[in-house]
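Asker: I have a structure here, written as structure tokens, and I will follow up with some questions on it.
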Amino acid sequence: MKDVHMVVGIAAITINALVTLLGAWLWRRAGSSQWFWWGLRAGQIIVVVQVALGGILVAMGRKPPGLHVLYGVLPLLVALIAEQLRAASAQMVLDARGIPSAQAVGKLPEEEQQGLVRTIVQREVGVMTLAALVVVILLLRAAQTAG
């Protein structure tokens, strides 16, 4: 079981690192890609699996160092906070431009609407890319403290 936990941990680090690289490239280009979002969700899912496996190991009596547990569980919190920030991104962009609601966007000229959408997507990609980077760092620290 410990070996499975280790392999899933390596996969979690790898997937989230790839998502970070792709996200940084997309953010720089102000673009988006289904691959980014699929990879991001895969990275989040594998972190949940990793934490569940760690929980099973603890329930079986394995006592990991305290920091290992902290570094292993914090990525879940990072993902939750990032999702909240991502969800708020659109409203923050609208507020910054003085647009009262999403319905008001429909009254803007087509070109402005597209620019607004690009800005919102770029911010969402940026938020989730930074979250994936923090997850990678935390998982690397968890690996270093595994004992």
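Asker: Identify, from the list V69, V105, V136, the residue that is under 26 Å from Q34 (Cβ atoms), crowded, with 16+ Cβ neighbours inside 10 Å and touching a residue at least 12 places away in the same chain (Cβ under 8 Å). Outline the logic, then answer.
Answerer: Working: V69 fails: under 26 Å from Q34 (Cβ atoms); V105 fails: touching a residue at least 12 places away in the same chain (Cβ under 8 Å).
Just a single option satisfies the conditions, and that option is V136.
Asker: A further question follows. I'd like the full set of residues that are small (G, A, S) and either closer than 21 Å to G23 by Cβ or in contact with a Ser or Thr (Cβ under 9 Å, 6 or more places away or on another chain) (or both), limited to the range 116-147.
Answerer: Going residue by residue through the range 116-147, those that are small (G, A, S) are 126, 131-132, 142-143, 146-147.
G126, A131, A132, listed by residue number.
Asker: To continue, here is another question. Among the residues of the range 95-143 satisfying the criterion of being among the charged types (D, E, K, R) and assigned to a helix (DSSP H, G or I), which is nearest to the chain's Cα centre (by Cα)?
Answerer: We begin by selecting, within the range 95-143, every residue among the charged types (D, E, K, R); these are 95, 97, 107, 110-112, 118, 123-124, 141.
This time we only want the ones that are assigned to a helix (DSSP H, G or I), so: 95, 110-112, 118, 123-124, 141.
Working: D95: 24, E110: 31, E111: 30, E112: 28, R118: 19, R123: 13, E124: 10, R141: 17 Å.
In this case the residue turns out to be E124.
Asker: Also: Filtering the range 51-64 down to residues that are farther than 15 Å from T145 by Cα and touching a residue at least 40 places away in the same chain (Cβ under 8 Å), which residue is surrounded by the most Cβ atoms within 10 Å (Cβ to Cβ)?
Answerer: Step by step, filter the range 51-64, then rank; the result is L53.
Asker: Still on this structure, I have one more. Given the conditions (1) in a helix (DSSP H, G or I); (2) surrounded by fewer than 18 Cβ atoms within 10 Å (Cβ to Cβ); (3) in contact with a helix residue (DSSP H, G or I) (Cβ under 7 Å, 6 or more places away or on another chain), report the number of the one that A146 does not fulfil.
Answerer: Unmet for A146, out of (1) in a helix (DSSP H, G or I); (2) surrounded by fewer than 18 Cβ atoms within 10 Å (Cβ to Cβ); (3) in contact with a helix residue (DSSP H, G or I) (Cβ under 7 Å, 6 or more places away or on another chain): (1).
Values in this text are rule-based calculations from the coordinates and carry no lab data. Note that this is a predicted model, so its numbers are computed, not measured. As a convention, Cβ positions derive from the backbone with ideal geometry for all residues, glycine included, and neighbour counts pool all protein chains shown.
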